[in-house]
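Beneath this line is the structure, given in structure tokens, with notes to follow.
What follows is calculated from the coordinates using simple rules that are stated; it is not laboratory data. No experiment lies behind these values; they were computed from the predicted model shown. A quick note on method: Cβ atoms are made from the backbone with ideal geometry, for glycine too, and the neighbour counts reach across all protein chains shown.
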Amino acid sequence: MNPGSKGWTAVTQVTASKVLSQMRASGFVDLHDNVVRFLRALALEVGSAVASGKPPPGLPMTIRGVTWYSMAVSNDPVFFNYSIYPGDLQIRVCDLIWVTTIE
């Protein structure tokens with residue numbers, strides 16, 4: 001999300017990026033911006049957890065040797081999974097689920 005950063009960053013993979021784009025294109029700009037801010041803050045929180053040896057936020061699950069953490073965005077209808085890459089100072093968001101209702 002911020003390729004010029006020297007600290008921890010959140011990177012969205014193709015599927016998650018498409019969902020974020022759909023939010024913005026559907027007129028949910030504030031939701032899009034909230035999710036992006038949440039992911040940036042999460043990357044910093046994960047970096048602190050890794051540095052201090054504490055567990056990162058989220059519910060861990062290991063699939064094919066990779067540990068993914070499931071979380072919800074506070075106060076928004078968005079859920080996602082992320083993995084941690086300490087060598088790259090990154091979290092990578094692969095799945096982003098946006099729950100909407102049709103009225």
Checklist entry - Do we have any residue at all in segment 6-16 that's loosely packed, with under 12 Cβ neighbours inside 10 Å, of a type outside the set (Phe, Trp, Tyr), touching a Gly at 6+ places or on another chain (Cβ under 8 Å) and touching a residue at least 24 places away in the same chain (Cβ under 8 Å)? => result yes
Checklist outcome for this item: Filter segment 21-35 for residues that are of a type outside the set (Ser, Thr, Tyr) and closer than 16 Å to Ile97 by Cβ; the one that is surrounded by the fewest Cβ atoms within 10 Å (Cβ to Cβ) is Gln22
Item to check | Which numbered condition Ala16 misses (of (1) touching a Leu at 6+ places or on another chain (Cβ under 6 Å); (2) part of a strand (DSSP E or B)) | outcome: (2)
Item to check | Pair list, Cβ < 9 Å and 6+ apart or interchain, from segment 39-57 residues that are more than 11 Å from Gln90 (Cα to Cα) to residues that are of a type in the set (D, E, K, R) and part of a helix (DSSP H, G or I) | outcome: Pro56/Glu45; Pro57/Glu45
Item to check | Residue ID - farthest from Gln13 (Cα to Cα), chosen from residues in segment 64-103 that are without any contact (Cβ under 8 Å) to a residue 12 or more places away in the chain and of a type in the set (Ser, Thr, Tyr) | outcome: Thr101
Checklist entry - What is the number of the single condition among (1) within 11 Å of Trp8 (Cα to Cα); (2) surrounded by fewer than 19 Cβ atoms within 10 Å (Cβ to Cβ); (3) without any contact (Cβ under 8 Å) to a residue 60 or more places away in the chain that Met61 does not meet? => result (1)
Next on the checklist: Out of the residues in segment 79-103 meeting the condition of being part of a loop (DSSP other than H, G, I, E, B) and touching a Phe, Trp or Tyr at 6+ places or on another chain (Cβ under 8 Å), tell me which one is nearest to Lys18 (Cα to Cα).
Outcome noted: Val99
